[in-house]
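Before we start, here is the structure in question, set down as structure tokens.
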Amino acid sequence: MEHGKCGIDFALNTGTNIPALGLGTWKIPKEKAKDTITKAIELGYRHFDCALEYGNQEGIGEALHDIIEKRHLSRKEFFITSKLWNTHHKRHSVYEDMESTLRQLKLHHVDLWLMHWPLAFHPKAVGRNGSDTESSKDQHGKVMLDDVSIAETWHAMEVMHKDGKANAIGVSNFTLPMMEQLLSTCEIPPAVLQIELHPYLQQTELIEFCQSKGILVTAYSPLGSNSCDVDVLEDPVLKQIAKDHNKTPSQVVLKWQVQRHIAVVPKAEDPKHMHQNSQIFDFELTDAEVRKIETLERNLRFISPKKIWGIPLFPDETGNVEIAQAVGEMFAQVEAR
């Protein structure tokens with residue numbers, strides 16, 4: 001078994017490092033998770049982006065446990081991210097979510113724990129079960145939001161960090177106003193913001209804000225989405241740059257992200273694609289090529305809470321006035337409990 005690590009690391013504001021390249025595990029079937037992660041480790045992957053909602057953390061945990069127990073690699077060589085789901089935003093549910101995640105992954109701690117969405121869903125199941133992720137719906141079939149603020153949820157995540165359950169905490173799918181509000185109310189600033197990011201959705205202002213605050217940005221769906229009629233990787237600009245470097249468009253896109261200090265977690269199940277995605281550290285894009293990629297911005301979002309749940313969240317879905325109001329509501333003062 002090969003154990004050489006692929007890629008470089010980026011520093012977090014916690015003083016620890018995160019591998020610039022990770023493997024996204026969304027949509028990896030639970031029955032294939034163990035084998036997929038094992039193969040990824042053999043190819044040099046050490047950073048795995050997981051989530052309770054993905055439903056496959058048990059298989060990932062088995063793969064990690066086997067590798068560590070056989071002493072092929074130590075726990076400290078891995079960087080494991082997981083995410084708090086929307087139905088677990090209340091204080092006690094935050095703790096239960098963490099315990100479920102650690103149990104599934106067979107770990108004593110995660111390296112990074114993210115608030116998956118700035119949305120609190122009313123859980124369908126009532127009781128102490130941190131693995132329940134199904135939300136309640138109204139008579140029209142729309143997801144019901146829960147009466148809990150981001151401030152309460154973040155405070156509970158801070159407790160998990162202080163307790164050693166998460167070496168770093170962060171958020172996902174936050175907008176710039178939400179990041180500003182979180183920074184104004186938190187005790188521990190987020191280490192990472194994970195957002196959808198690719199040449200057709202570049203979110204430059206949000207990235208520059210985070211980097212100015214020492215918050216690392218991680219790109220999910222960094223290659224776009226294969227579930228949409230629009231294929232980012234078929235863009236002629238990307239194909240020409242790839243040809244000039246004897247690389248693939250996917251390698252060019254991943255390099256573009258990493259080169260501007262953004263971590264990437266592309267999804268892949270096929271070892272061939274995993275290996276291909278890892279081959280991005282042996283070339284550099286020129287300034288002119290970077291500028292060409294910057295012209296591809298379309299503000300095209302593939303992952304949309306408005307499309308998924310009927311809940312407008314992002315500025316391009318709601319308009320500036322409504323998003324400001326939504327942020328205010330989510331950060332409403334929490335009564336002492």
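Read the figures in this text as sums done on the coordinates, not as results from a lab. Here the structure is a predicted model, which is why all the values come from computation and not from measurement. In this analysis, Cβ positions are derived from the backbone assuming ideal geometry, glycine residues included, and neighbour counts consider all displayed protein chains.
Quick one: which of 115-121, 7-13, 97-103, 177-183 comes out on top by average Cβ neighbours within 10 Å, and what's the full order, highest first?
Output ranking for 115-121, 7-13, 97-103, 177-183: 115-121, 97-103, 177-183, 7-13.
Assuming a viscosity of 1.002 mPa s and a temperature of 20 °C, what translational diffusion coefficient in µm² per second does Stokes-Einstein assign to segment 146-235, Rh being the Kirkwood radius over Cα pairs?
D = 147 µm²/s.
Also, I was wondering about something else. Tell me which label goes with the value of Cα extents along the principal axes in Å computed from the coordinates here: (i) 59, 52, 39; (ii) 52, 43, 42; (iii) 53, 50, 41.
Identified label for the calculated read-out: (i).
What does the C-alpha gyration tensor say about the overall shape of segment 1-85? Classify as rounded when a/c is under 1.5, otherwise prolate if a/b is larger than b/c, or oblate.
Taking the square roots of the gyration eigenvalues as a ≥ b ≥ c, segment 1-85 is oblate.
While we're looking at this one, here's another question. Whole Å is fine, so just give me how far the alpha carbon centre of segment 51-124 lies from that of segment 205-250.
Cα centroid to Cα centroid, the span is 27 Å.
Can you order the peptides 83-96, 297-310 by their average number of other Cβ atoms within 10 Å per residue, highest first?
83-96, 297-310
Which peptide among 242-249, 17-24 comes first, and what is the full order, when sorted by highest mean count of other Cβ atoms within 10 Å?
Peptide ranking by packing, descending: 17-24, 242-249.
Counting helices only, and only those DSSP H runs with n ≥ 4, report the 222 nm mean residue ellipticity of the chain as the sum of -39,500 (n - 2.57) divided by its residues, in deg cm²/dmol to the nearest 500.
Result for the chain, helices only: -11500 deg cm²/dmol.
Follow-up question, since we're still on this one. Tally the DSSP beta bridges in the chain and give the antiparallel ones as a percent, rounded to 5.
DSSP beta bridges in the chain are roughly 25 percent antiparallel.
Looking at the P(r) of segment 69-198, how many percent of alpha-carbon pairs lie beyond 25 Å?
Beyond 25 Å sits 27 percent of the P(r) for segment 69-198.
What's the magnitude of the charge dipole for the chain around its Cα centre, counting Lys and Arg as +1 and Asp and Glu as -1 at the beta-carbon? Answer in Debye, nearest 20.
Dipole of the chain, to the nearest 20 debye: 620 debye.
A follow-up question, please. Give the residue from 94, 288, 275 lying farthest towards the positive end of the charge dipole for the chain; charges sit on Cβ (+1 for Lys and Arg, -1 for Asp and Glu) and the dipole is referred to the Cα centre.
Positive-most Cα among the choices belongs to 275.
Counting alpha carbon pairs within less than 8 Å and at least 6 residues apart, what relative contact order, in whole percent, applies to segment 157-250?
Across segment 157-250, relative contact order equals 20 percent.
Sequence neighbours fewer than 8 away in the same chain don't count; with that in mind, list the lysines whose C-alpha is under 21 Å from residue 142.
90, 124, 306, 307
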